[in-house]
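S.K.: Take a look at the following structure, please.
Please treat every number below as a calculation from the coordinates, not as lab data. Being a predicted model, the structure only gives us computed values, none of them experimental. Neighbour counts run over all protein chains shown; Cβ positions are idealised from the backbone, glycine included.
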Amino acid sequence: MKKLGLLLGIGIPVLLILIIVMMFWGTYNSLVTKSQAIDGQWAQVETQYQRRFDLIPNLVSSVKGIMAQEVKVFDDIAQARSKYAGAASVNEKAVAGGEVESALARLLVVMEAYPQLRSVETVTQLMDELSGTENRISVERRRYNDLVRDYNTAIKRVPTNIIAGMFNFEVKEYFQSVSSADQAPKVEF
């Protein structure tokens, strides 16, 4: 009887410590997994941006050959692409991505003003590719923001917030559109 009491006296605290350590370990690994998922998803966003950037020169060259007078739109697109390439943070890339979108929107408005462009097969194919890429970018951004929301919620909840604080898991930034994204581009001739 004495041995059973001694075993219970030692065994229960040891079991409780093991349970706490396992919960701690599981929470830490969960936060690492969520953080890595966010980084991986941002890479997917950037992959779609790269796809867009690879398509843009082909589209611009095709359209430029037909309408050399719209040089400003082409310059804006080139500058926006360069700005994105030099961006370091998610926010800087979001702003630069918004500038690319704005420049592309102006290009689309210009193209609508010149119906003969729509009949050029290369331009039509490139526009379809670009449209599909824009949809992919939108989907990947949404997925990124969903992962950021889940992660940020996790690190703010008790008791996970204690572990997150101990290991410097910080709030991740959401992808946000630029402030002028809700306004249609203006193109003047």
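S.K.: Can you sort ARG141, ARG51 by how many other beta carbons sit within 10 Å, fewest first?
M.R.: ARG51, ARG141
S.K.: On to the next question. For ARG157, project a label point 7 Å along Cα to C-beta. Then give me every residue of segment 22-45 with its amide nitrogen under 20 Å of that point.
M.R.: It comes to 22-39, nothing else.
S.K.: Which links in LYS83/LYS156; LYS72/LYS172; LYS34/LYS93 stretch past 32 Å when you go from one Cα to the other?
M.R.: Long pairs (Cα-Cα over 32 Å): LYS83/LYS156; LYS72/LYS172.
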